[in-house]
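The structure appears right after this line, and notes come after that.
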Amino acid sequence: MSDDLKKGRIVIVGASLAGLRAAEALREEGFTGSLTVVGDEPHAPYDRPPLSKQVLLGQATADTTGLPVRRDPDAEWRLGVRATGVDLLAKRVLLEDGESLPYDRLLIATGTRARPWPDAEEAALDGVFTLRTREDAGGLAERLAAGPERVLVIGGGFTGSEIASACRELGLAVSVTERGPAPLVGALGGTLSKLAAVMQRNHGVDLRTGVTVTALNGNGAFTGAQLSDGSRVDADVCVVALGAIRNVEWLAESGLAAGPRGIACDAGCRAFNMYGIVTDDVFVAGDVSRFPHPLFGYQMLSLEHWGNAVEQAGVAAHNMVSPGPLRRPHLSIPSFWSTQFGLNIKSVGVPTYSDHVVIAQGSLEARRLAMVYGYQGRVTAAVTVDMAKSLDYYRHLIETAAAFPPPPGAADRAIAADIPVPSLVPDPSGLSHGPTVALTGHLPDRRLTVV
Ligand SMILES: Cc1cc2nc3c(=O)[nH]c(=O)nc-3n(C[C@H](O)[C@H](O)[C@H](O)COP(=O)(O)OP(=O)(O)OC[C@H]3O[C@@H](n4cnc5c(N)ncnc54)[C@H](O)[C@@H]3O)c2cc1C
């Protein structure tokens, strides 16, 4: 049985980070059968984090962020072709060119795409961008290098904030609009988002919070935007950074549990069907997945984290070629990083799974700190600002469900001096962008299902 699993036909849909790492891991795990990777982008797998950082700053070009290949996955690459469906019974992936690929086991790694501006005509104005692909980044970088008068960034999540930071580094005038009370509030909660707002304003960003953009103006080319408070921002470039949409539409007829929050799977990366029955030949990895995590109340997590895509791809690949008792759970602690306005922000755990926070090291004034998040008396997350060295310590506290507030340990001053304050994690339905890690079951403090 176990030998059979190392043979046969495996199809991976999604030729990006999770798809590539899974393909490599399958060979490392001893899979000798045929492997086909389908991707709708025409490119070999490339890395996205540099697209909002080095590429916008002109330190790298968009076509140079190709992902390093750790070992040749000896796969047939079907690039530039979209998968349009899956027939679970016939075990075939349908392609847009009419072909269908038979599989014994399938891995779905179709990730997310940028949420577009809702008005298609306004979105088509010259100078309006989203940022997800190599093409997006190349086009935007070119426009920024040409020295626009002002850039408008809609949405103060991680991507929007990184774009604003890059603009300021390039010496460009930039306005950021955020529907919530501060940038990054959806991901990091109330206290740290206040620091994010201070950092943006100190760096010269025209930050408008508590407002939405009601219309993009222009006649052919973008000239500015109307805001919900009646004001207007004149700008010649606009970046719509309203979060991501999971690429699941192609699975609508498949019978899999695929919806706006992703494809539900078990901790072993096996997809659920629409009745909640686990499949045994369809696996999921990366941004498109949602999976239960025992440390966070078994809630289903949707992550948009580079590290999660890599780790989950490894677990999925292992389980695809291993018999039941040898399968592994995907239980790693979510982690994420961002660089913006000269700060190095790192997060472990699920900050939105919290009711209180405490500053365990450093201070807001020093702009160097470790903030620990707790839920019902135990540590569930930590975020460091320019203090990444401490992160492993806090990861350990999360893994061991340590008591919150944490005892003095790695802390450089007595925790007892700090008083936990409410984490002020907002209701995600009120934000203009989503957090990069979302609970897709009940929120900690409310009986609310997020759809
Ligand atoms: C600008 C930017 C900055 C980021 N910065 C950070 C960061 O600082 N830190 C961090 O942790 N994470 C960051 N991320 C997130 C990180 O890049 C993602 O978590 C990672 O790319 C997820 O990989 P994935 O393979 O799951 O999905 P994706 O990278 O989204 O890849 C999915 C692939 O599948 C393809 N596809 C979709 N549907 C189909 C279909 N039907 N048929 C065939 N192919 C299909 C897509 O076109 C895409 O190529 C950033 C992302 C962006 C866009």
Seminar exercise, completed: A careful count of residues in the stretch 266-276 that are more than 16 Å from the ligand (Cβ to nearest atom), hydrophobic (A, V, I, L, M, F, W, C) and at pLDDT 95 or above gives 2
For this session: Give me a count of the residues in the stretch 356-409 that are touching a residue at least 24 places away in the same chain (Cβ under 8 Å), surrounded by fewer than 19 Cβ atoms within 10 Å (Cβ to Cβ) and under 24 Å from the mean Cα position of the chain (by Cα).
Result: 4
Exercise. What's the number of the condition A75 fails, among (1) under 25 Å from the mean Cα position of the chain (by Cα); (2) buried (at least 19 other Cβ atoms within 10 Å of the Cβ)?
Worked result: (1)
Exercise. Quick one: E135 ticks every box in (1) more than 10 Å from the ligand (Cβ to nearest atom); (2) crowded, with 23+ Cβ neighbours inside 10 Å; (3) outside the structural domain of L303 (by TED's automatic domain parsing); (4) under 22 Å from the mean Cα position of the chain (by Cα) bar one, so which box is it?
Worked result: (2)
Problem set entry | Test for A382: is it within 16 Å of P405 (Cβ to Cβ) and modelled with pLDDT under 95 | no
Problem set entry | R21 vs. criteria farther than 27 Å from L88 by Cα and of a type in the set (K, R) | no
For this session: State whether the residues of the stretch 59-81 include one that is within 11 Å of the ligand (Cβ to nearest atom) and at positive phi.
Result: yes
Exercise. Take the residues of the stretch 35-58 that are surrounded by fewer than 17 Cβ atoms within 10 Å (Cβ to Cβ) and over 21 Å from the mean Cα position of the chain (by Cα): which is nearest to the ligand (Cβ to nearest atom)?
Worked result: P42
Exercise. How many residues, within the stretch 28-70, are out of contact with any Leu (no Cβ under 8 Å at 6 or more places or on another chain), of a type outside the set (S, T, N, Q) and not in a loop (DSSP other than H, G, I, E, B)?
Worked result: 5
Problem set entry | Set A197, A166, A182: member being part of a loop (DSSP other than H, G, I, E, B), among the hydrophobic types (A, V, I, L, M, F, W, C) and at negative phi | A182
Problem set entry | Tally of residues being among the aromatic types (F, W, Y) and either away from the ligand (no atom under 13 Å from the Cβ) or farther than 24 Å from S16 by Cβ (or both) across the stretch 287-313 | 2
Problem set entry | Failed criterion for T191 (all others in (1) at pLDDT 95 or above; (2) over 20 Å from P118 (Cβ atoms) hold) | (1)
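The values are calculated or read from the model by the stated rules, or taken from the named source; none is laboratory data. Source: prediction; values computed, not measured. All Cβ positions, even for glycine, are placed from backbone atoms using ideal geometry, and neighbour counts span all protein chains on display.
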